[in-house]
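The values are calculated or read from the model by the stated rules, or taken from the named source; none is laboratory data. What you see is a predicted model, and the numbers here were worked out from it, not measured in a lab. Here the Cβ positions follow ideal geometry from the backbone for every residue, glycine too, while neighbour counts run over all protein chains shown. For the accessible areas, the whole protein counts, side chains as well, though only heavy atoms, and no ligand, DNA or RNA atoms are used. Shrake-Rupley method; radii C 1.70, N 1.55, O 1.52, S 1.80 Å.
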Amino acid sequence: MTSTSLTVARRRRLPVWPIPVLWTIGLGLWGLSRQHSVWRDEAATWQVAGRSTAEIRHMLGQVDAVHGLYYLLMHGLFELFGPSTTTLRLPSVLAMAVAAGCLAVIGRRLAGAWAGLAGGLAFGLLPAVQFYLQEGRPYALVAAGAAVSTLLLVTVLQGRGGAVRWAAYGGTVLTCGLLNWLSLLVLPAHAATLIWTRAARGTWTRWAATSAAATACVLPLVLFSRGQSDQISWIPPLTWHMLIGPAILLAIGGLGALPDRPRRGRLSAAAVGLPLLAVPQIALIGLSLVRPLFLDRYVLFSLLGLALLIGAALAAAIRAATPRLPRASMGILPVVVAVAMVALLPQCLAKRSPASRVDDVLAAAADVRGLKKAGDAVLFIPAARRDTRLVSPDAFTGVRDIALAESPEESGTLKGVEADPARIRAAILSRRRILLVTDAAKVAKPVAAERDRVKTSVLKTYFTVLSDDQVRGRRVTVYERTGP
């Protein structure tokens, strides 16, 4: 064997997945704290993770059962490492790195080393991935699970399957379903791949049995969480404007599939990537016609398909350039990644700033810490803004929450149970100074609850404003009583 042949053989043996894994971890660690900010969705994770397991179980019976497994996982991490933005977000960073590594392996198997490397690197650069890469919510973990299950499916379709891999496939789908049951939309995507590749009857039988078992295990959670559907009542009905994003993604994915020359009956990057991109998006749109459910984060894992198709397209471009420009072709991928990074740099910086989220719980808590005086009281409008105190209780030491009748831990809720309007009115009038924590004007919604209307009315009538600070989507106003 010649030295050139040895070099080529060594390159083929070298794994490509470590590069996308390290790349994604680097992108995730870059500005991980977002200038020490935590927004309202992450605040829910933070405050629930800080409860005991008994309190979490009590809460899941009332609200947020769909995220129960994730909350228990984060509770364990908070117990081990303590509450911090690093503990909150690092699981998402590592999960996205796992997803990128799986993509690299899938791409290499289906379209060559360049496709695997390019797909894994492209995944970490996608703007939506960069957003949830640093998010203390379960969507990155679901994406990792979808990537692992897709890799296992590719493995069995390539004839390397066995009972162990099918069991691993079912276990992964089940875990993803328990993290968010809409992740089960990966199953029709995999079914489309089986149809495309004309899988054997035995493969279909094993897939159907494994998928049915995983779905059956998730079904109780699906049925139970439907009773808590008020949590998603804020999601707007589907509009044509909301379909622009999915349409663009599908168009890009279709263009990425063209160089792969997709053919029925052949396992290829297009046969795996195109269904993974398209089917969950289309399925969620269909579900949203029955009940508003369309949020891009619910099908974040579909971007695995987009990255795989991008990788295959870049690999095809490199292969086409190699015969004419063998040396220059080696630089195509680094140049494309560098250009993409420069082009996306404003997006990258924006995603890592506090302004990328609606608000900042920690900024409001810091305001309270600096403004409070001994004997002050605090009010929250709406009651959900109580997350400011739940995430940073030290900032509220010596300040009484005068509207609260039953704590979130006792009531098994995220925001606690407030007293009736008459008692809230009397409590306000008994105080000299009150701090009001609410939304900044640019993100505030009209006051809807009767309790909140009473709070607003009494403060406006009997109190005067001493200071009014608006920072990062939240507002802290200090009121002082004008009369006896």
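Ignoring ligands, DNA and RNA, what accessible area per residue does the chain give at 1.4 Å, in Å²? Mind showing how you got there, number by number?
On the way: 21660 Å² over 484 residues.
For the chain, the per-residue accessible area is 45 Å².
Please name whichever of ALA374, ALA316, LEU429 sits farthest to the positive end of the charge dipole of the chain, dipole taken about the Cα centre and charges placed at Cβ: Lys and Arg +1, Asp and Glu -1.
The Cα lying farthest towards the positive end belongs to ALA316.
Determine the dipole magnitude for segment 97-251: charges of +1 sit on the beta-carbon of Lys and Arg, -1 on that of Asp and Glu, nothing else is charged, the reference point is the Cα centre, and the result goes in debye to the nearest 20.
Working: 9 positive and 2 negative charges, 121 e Å.
Dipole about the Cα centre, nearest 20: 580 debye.
Per Stokes-Einstein, at 25 °C and 0.890 mPa s, what whole-number D in µm² s⁻¹ belongs to segment 48-109, with the Kirkwood radius over Cα pairs as the hydrodynamic radius? Before the final figure, lay out the partial values.
Numbers: Rh = 13.2 Å.
In µm²/s, the coefficient rounds to 186.
What's the Cα-based Rg to Rh of segment 341-452, Rh via Kirkwood? Walk me through the numbers on the way to the answer.
Details: Rg = 16.6 Å, Rh = 15.6 Å.
Rounded to two decimals, Rg/Rh equals 1.07.
Along segment 333-341, what does the Karplus equation 6.51 cos²θ - 1.76 cosθ + 1.60 (θ = phi - 60°) give for ³J(HN,Hα), rounded to whole Hz, x for Gly and Pro?
Along segment 333-341, the couplings run 5, x, 5, 4, 5, 5, 5, 4, 5 Hz.
May I ask for the Kirkwood hydrodynamic radius of the chain, worked out over all distinct Cα pairs and given in angstroms to one decimal? All intermediate terms of the calculation are to be shown ahead of the outcome.
Numbers: mean 1/r = 0.0407 Å⁻¹.
The answer is 24.6 Å.
For the chain, take the longest principal axis of its alpha carbons; what is the angle in degrees between that and the long axis of helix 450-462, to the nearest 10 within 0 to 90?
Once rounded, the angle reads 50 degrees.
In units of 2.2 N^0.38 Å, what is the alpha-carbon radius of gyration of segment 168-237? Walk me through the numbers on the way to the answer.
Details: Rg = 14.4 Å, N = 70, 2.2 N^0.38 = 11.1 Å.
That ratio works out to 1.31.
Per the 1.4 Å probe, what fraction of the accessible area of the chain, in percent, lies on carbon and sulfur atoms?
Accessible surface attributable to carbon and sulfur in the chain totals 63 percent.
Based on the Kirkwood radius over alpha-carbon pairs, what is the Stokes-Einstein translational diffusion coefficient of segment 122-190 at 25 °C with 0.890 mPa s viscosity, in µm²/s? The partial results should precede the final answer.
Details: Rh = 12.8 Å.
For the chosen part, D equals 192 µm²/s.
Sort 346-355, 101-110 by the packing proxy (mean of other Cβ within 10 Å over each peptide's residues), most packed first.
On the way: 346-355: 15.4, 101-110: 27.1.
Descending mean neighbour count gives 101-110, 346-355.
Restricted to Cα positions, what overall size does segment 1-155 have along the principal axes? Three whole-Å values, descending.
Taking the Cα atoms of segment 1-155, the three principal extents are 67, 35, 27 Å.
Calculated from DSSP H runs of 4 or more alone, at -39500 (n - 2.57) each and per residue, what is the 222 nm mean residue ellipticity of the chain, nearest 500? Kindly include the intermediate steps, with their values, before the conclusion.
Details: 22 runs with 294 residues, N = 484.
Computed ellipticity for the chain at 222 nm equals -19500 deg cm²/dmol.
What accessible area, in Å² to the nearest ten, does a 1.4 Å probe give for GLU410?
GLU410 has an accessible surface of roughly 120 Å² with all protein chains in place.
Any idea what Rg and Dmax come out to for segment 339-393 if you just take the C-alpha atoms, in Å?
Final numbers for Rg and Dmax: 16.7, 57 Å.
Take peptides 416-426, 146-156 and line them up by average Cβ neighbours within 10 Å, highest first, as a rough protection proxy. Numbers along the way, then the final one.
On the way: 416-426: 16.4, 146-156: 24.5.
Put in order of decreasing packing, that is 146-156, 416-426.
Where does helix 244-257 land angle-wise versus the long Cα axis of the chain, in degrees 0 to 90, nearest 10?
It works out to around 20 degrees.
With charges only on Cβ, +1 for K and R and -1 for D and E, what is the dipole size of the chain about its Cα centre, in debye, rounded to 20? Before the final figure, lay out each step's value.
Values: 53 positive and 27 negative charges, 308 e Å.
Computed charge dipole of the chain: roughly 1480 debye.
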